[in-house]
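Read through the structure below, which is laid out as structure tokens, and then see the notes.
The values are calculated or read from the model by the stated rules, or taken from the named source; none is laboratory data. The structure presented is a predicted model; accordingly, all values stated were derived computationally and were not measured. Don't worry about glycine lacking a Cβ; one is built from the backbone with ideal geometry, like all the others, and counts go over all protein chains shown.
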Amino acid sequence: MAYQVTSLSRLAEQFARLPNVGRKTAQRYAFYVLSQPPEFARAFAEALLDSSGSIKRCSVCQNLSDEPVCSICQNQARDRSIICVVADPRDVIAFERLREYNGLYHVLHGLISPMEGVGPEQLTVKELLSRLTGEVKEVVMATNPTVEGEATAMYLSRLIKPMGLKVSRLAYGLPAGGNLEYADDITLCRALEGRNEM
């Protein structure tokens, strides 16, 4: 009969449900939690329960927020003439880390992917279109340069352009310090298309 501690196994099983966490990593996480003082586990569990119950989608941009309208949408100093459309709340964090963009965001919560059964209806497209009035002059498509990201950007562009708004796409190209010989065809093509005058 195999040795098993039921509570430890249950804890490891819960960690294994997280994305990119395999069985061995889940087991390490479980042992780590058990090696900490009881206050650690209590604080960890409270943070999980609190965030699960209090974090919702912003009613304006659909980003994650613990208030009905997120702090970015509430900030009157932001440029309200531009909306950056991203696939995921993590993309907002990446842009905000740069401290270069001062416009608003819209989070789609996914990308169009017929293979996975995700169409525009499963995304926050309706909510985006309802925002494109008044002050908005430009919509920046900041989806990843994947097949799904490109398809989503093209789909949204076809809906938005007839409204008379400027639709732009992030320039993609070569990373700083990269070598041309290692770049794939799509990256080289994007770098060429997005070239700037010197």
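Some notes on this structure:
- Residue list for segment 82-121, filter: within 17 Å of VAL147 (Cβ to Cβ) and assigned to a helix (DSSP H, G or I): PRO114, MET115, GLU116, PRO120
- Residues being surrounded by 15 or more Cβ atoms within 10 Å (Cβ to Cβ), over 20 Å from ASP79 (Cβ atoms) and of a type in the set (A, V, I, L, M, F, W, C) - total across segment 108-153: 8
- Within segment 15-27, being surrounded by 13 or more Cβ atoms within 10 Å (Cβ to Cβ) and not in a loop (DSSP other than H, G, I, E, B) holds for PHE15, ALA16, THR25, ALA26, GLN27.
- Matching residues in segment 126-176 - criterion: being outside any loop (DSSP other than H, G, I, E, B) and of a type in the set (Asp, Glu): GLU127, GLU138, GLU148, GLU150
- The criterion of being closer than 19 Å to SER81 by Cα, at pLDDT 75 or above and in contact with a Phe, Trp or Tyr (Cβ under 9 Å, 6 or more places away or on another chain) does not hold for VAL167.
- Search result, residues across segment 28-51 that are surrounded by 11 or more Cβ atoms within 10 Å (Cβ to Cβ) and part of a loop (DSSP other than H, G, I, E, B): GLN36
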